Amino acid sequence: MSALEQLCCPLDQLPLTRHERSLTCANGHAYDIAKTGYVNLLPVQKKHSKDPGDSKEMVSARRDFLANGYYDPIINAIVTSVPETLQQLDTIRLFDAGCGEGHYLRQIIERLAASHVIDAVGLDISKWAITDASKRSKRIDWIVGSNAHVPVAKQRFDWVMCAFGFPVFSEFARILANQGWLLLVESGADHLIELRQILYPEIKPYRVTHSEGIEGFVLQHEIDHRFSFSITNADDIGRLLAMTPHIHKASYEGKQAALALQKIDLTADIKLRWYQKQGKNNVE
Ligand SMILES: C[S@@+](CC[C@H](N)C(=O)[O-])C[C@H]1O[C@@H](n2cnc3c(N)ncnc32)[C@H](O)[C@@H]1O
């Protein structure tokens with residue numbers, strides 16, 4: 001059952017204490033816990049739009065697409081690459097930054113639960129994503145919030161995961177314990193290339209992200225994970241399109257061409273990069 005412990009007020013960073021169905025800080029800022037168990041720690045003052053993050057439609061498209069297992073090899077690659085020092089912990093404190101509707105977090109916990117206690121928190125800026133996530137798992141703490149100001153105390157986690165998200169490295173460094181691990185999951189050059197060839201007249205050249213390194217972190221392990229999969233129904237092709245930024249970026253004609261397909265063979269090309277937090281307090 002979700003505990004919603006060790007969270008901080010997004011307005012003054014003071015610790016939040018639970019009183020039945022709400023969390024309050026010493027300055028009296030109060031945040032209600034929703035019926036489904038999540039807490040919204042994104043006050044209007046910190047919002048840059050009325051309804052930030054993925055829309056209701058994007059969230060339901062991603063939920064239904066991922067539920068059909070197309071991306072399960074990514075979860076397998078994550079679970080089988082967990083660093084030894086994390087595996088040695090009896091309890092792993094895991095934070096999913098930009099967790100969407102929580103598919104990855106739920107699956108990872110399920111896979112690791114036989115050998116570890118997982119203290120898991122999922123955060124997303126989209127209230128639609130967190131509402132959906134909180135209906136589907138009660139053993140994870142779900143928060144509506146932003147990676148720009150993660151409402152948790154410093155050094156709270158052993159592992160921060162950011163999959164296809166919007167990383168804020170200074171915040172990830174702050175909330176990670178010394179020598180904690182950051183996992184970035186990103187698209188590689190050929191990810192969904194067959195779909196992009198249909199959507200766009202020209203494919204933009206691929207740019208490697210963070211090639212100059214990330215301040216405060218050392219890259220310890222990089223995995224290029226490729227696999228092929230086929231979608232053999234128009235509904236799932238539409239869902240894949242709707243859950244990606246291509247739904248906003250591609251032309252009307254490109255989207256219509258993709259939506260007319262009944263079948264498509266696709267390449268998944270994923271980069272998993274495990275970084276370890278460094279710092280002057282890092283001496284073992
Ligand atoms: C491409 S989706 C990935 C979701 C999930 N990690 C997955 O791989 O299925 C990106 C997610 O980041 C969220 N997001 C966007 N900006 C964010 C921010 N500043 N802080 C936290 N989440 C954010 C979106 O609402 C969306 O759910």
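The values are calculated or read from the model by the stated rules, or taken from the named source; none is laboratory data. A quick note: this is a predicted structure, and the numbers were derived from the prediction, not measured. Note that we place each Cβ from the backbone using ideal geometry, even for glycine, and neighbour counts take in every protein chain shown. Note: areas computed on protein heavy atoms with side chains; ligands, DNA, RNA excluded. Shrake-Rupley method; radii C 1.70, N 1.55, O 1.52, S 1.80 Å.
For this structure, a couple of remarks:
- Conditions (1) more than 10 Å from the ligand (Cβ to nearest atom); (2) surrounded by 19 or more Cβ atoms within 10 Å (Cβ to Cβ); number of the one not met by Leu105: (1)
- Counted as qualifying within the stretch 1-61 are the strands (runs of 3 or more DSSP E) with 1 or more residues that are open to solvent by 100 Å² or more (accessible area, probe 1.4 Å), namely 17-19, 30-32.
- Only one of the numbered conditions (1) away from the ligand (no atom under 13 Å from the Cβ); (2) farther than 16 Å from Ile130 by Cβ is not met by Asp72, and that is (1).
- Qualifying residue in the stretch 165-179 (condition: open to solvent by less than 40 Å² (accessible area, probe 1.4 Å) and more than 27 Å from Leu16 (Cα to Cα)): no
- Residue count for the stretch 230-251, restricted to those that are away from the ligand (no atom under 16 Å from the Cβ) and either outside any helix (DSSP H, G or I) or among the small types (Gly, Ala, Ser) (or both): 7
- The residue list Ala3, Ala97 contains one member that is within 11 Å of the ligand (Cβ to nearest atom) and closer than 19 Å to Trp159 by Cβ, which is Ala97.
- Restricting Leu94, Leu86 to those that are in contact (Cβ under 8 Å) with a residue 24 or more places away in the chain, surrounded by fewer than 22 Cβ atoms within 10 Å (Cβ to Cβ) and either of a type in the set (A, V, I, L, M) or touching a Ser or Thr at 6+ places or on another chain (Cβ under 8 Å) (or both) reduces the list to Leu86.
- Test result for Ser115, near the ligand (Cβ under 7 Å from one of its atoms) and either surrounded by fewer than 22 Cβ atoms within 10 Å (Cβ to Cβ) or of a type in the set (S, T, N, Q) (or both): no
- Verdict on Arg196 being open to solvent by 50 Å² or more (accessible area, probe 1.4 Å) and modelled with pLDDT of 95 or more: no
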